[in-house]
Every structure is written in C-alpha cells, then in structure tokens.
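One structure is given below, encoded as structure tokens.
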Amino acid sequence: MSGEQKAEAKVEQAKGKLKETAGRLTGNERMTAEGRAEQAKGDAREAKENIKDTFKH
C-alpha cells in the first residue's frame, strides 16, 4: 500500500509541475497557482508516507 501511495504522490507532483509550467508559458496565473498547489499536495502525501515508513522499521 505504501508504494502505491508514494507512486500517487509522484504522479500528483508531476501533474502539478506540468500545470505550473503550462500556466507560466501561457501567462495564466491561476493555472500556475493550481500547479503549485498540486505539487504541494503531492509533497505532503510523500512526506506522510515517508514518516509512516520510518515508524514501520
């Protein structure tokens, strides 16, 4: 389960980065902000999974 969650976090981070980049290229500030938010959400999910892994061992 943990590996699956980590993969989802990486996908979310990548989607956020793409959205942020697309927003910057088109000058769409809202899309840029949404991309940053998705990246932050992915970062938080990844951190949560890393903490869970730390306490498992």
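The values are calculated or read from the model by the stated rules, or taken from the named source; none is laboratory data. This is a predicted model, so every value here is computed, not measured. Cβ sites come from the backbone with ideal geometry, for glycine too, and all protein chains shown count toward neighbours. In case anyone asks, the SASA skips ligands and DNA or RNA and just uses the protein heavy atoms, side chains included. Shrake-Rupley method; radii C 1.70, N 1.55, O 1.52, S 1.80 Å.
So what's the angle, to the nearest 10 degrees on a 0 to 90 scale, between helix 2-26 and the longest Cα principal axis of the chain? Rounded to the nearest ten degrees, it is 10. Computed from label points 7 Å out along Cα-Cβ, the spacing between Thr21 and Asp53 is 2.4 nm.
Positive contributions from Lys and Arg (+1) and negative ones from Asp and Glu (-1), summed over other residues with Cβ under 9 Å from the Cβ of Gly35, come out at +2.
Against the main long axis of the alpha-carbon atoms of the chain, helix 29-56 sits at an angle near 10°. The count of lysine pairs in the chain whose Cα atoms are under 18 Å apart, excluding pairs fewer than 8 places apart on the same chain, comes to 15.
For the chain, with all protein chains present and a 1.4 Å probe, just round the carbon and sulfur fraction of the accessible area to a whole percent. Ligands and nucleic acids excluded, carbon and sulfur reach 58 percent.
Each peptide in 18-27, 33-42 was scored by the mean count of other Cβ atoms within 10 Å over its residues; highest first, the order is 33-42, 18-27.
Computed from point charges on the beta carbon alone (+1 for Lys and Arg, -1 for Asp and Glu), the dipole magnitude for the chain about its Cα centre is near 40 Debye.
Computed over protein heavy atoms with a 1.4 Å probe, the accessible surface of the chain works out to 73 Å² per residue.
Here the mean projected area of the convex hull built on the C-alpha positions of the chain is 3.4 nm².
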